[in-house]
C-alpha cells in the first residue's frame with residue numbers, strides 16, 4: 001500500500017509534539033539501542049572490525065537530512081543525503 005514504508009519508519013523515530021517530561025528524563029529512549037557505556041570492550045579498543053556507528057542529522061525546518069555510518073576499526077565512512085519532500 002502507498003505510504004506503508006513511511007508509516008513504519010515514523011513509528012520508529014522520535015517525533016516532535018509528543019508530551020515530554022521535564023528534567024533529566026526529558027528524552028525518550030530508542031528501542032533496541034545499546035548505550036555507549038554498555039558496549040563491549042572490543043568495540044572501544046577497535047581491535048575487531050565490523051562495529052559500526054551511525055548518526056542521522058536533520059537540517060533546519062527538516063529541509064535536508066544526512067545519514068552518516070562509520071566502521072570503527074577502519075574508519076570507513078558511508079554517508080547519504082536524503083532529499084526532502086512534502087508528505
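Restricted to region 72-86, and to residues that are surrounded by 11 or more Cβ atoms within 10 Å (Cβ to Cβ) and over 15 Å from the mean Cα position of the chain (by Cα), which residue is farthest from residue 35 (Cα to Cα)? Result: 84.
Name the single residue, out of those in region 41-66 being part of a helix (DSSP H, G or I) and free of Cβ contacts under 8 Å to residues at least 24 places away in the same chain, that is nearest to residue 83 (Cα to Cα).
Of everything passing the filter in region 41-66, 62 is nearest to residue 83 (Cα to Cα).
Taking the criterion of being under 21 Å from residue 9 (Cα atoms), touching a helix residue (DSSP H, G or I) at 6+ places or on another chain (Cβ under 8 Å) and free of Cβ contacts under 8 Å to residues at least 60 places away in the same chain, the only residue of region 67-87 that qualifies is 84.
Bear in mind that the values in this text are calculations on the coordinates, not laboratory data. Only a predicted model underlies this, so the values are computations on that prediction, with no experimental measurement involved. All Cβ positions, glycine included, derive from the backbone under ideal geometry; neighbour counts span all protein chains shown.
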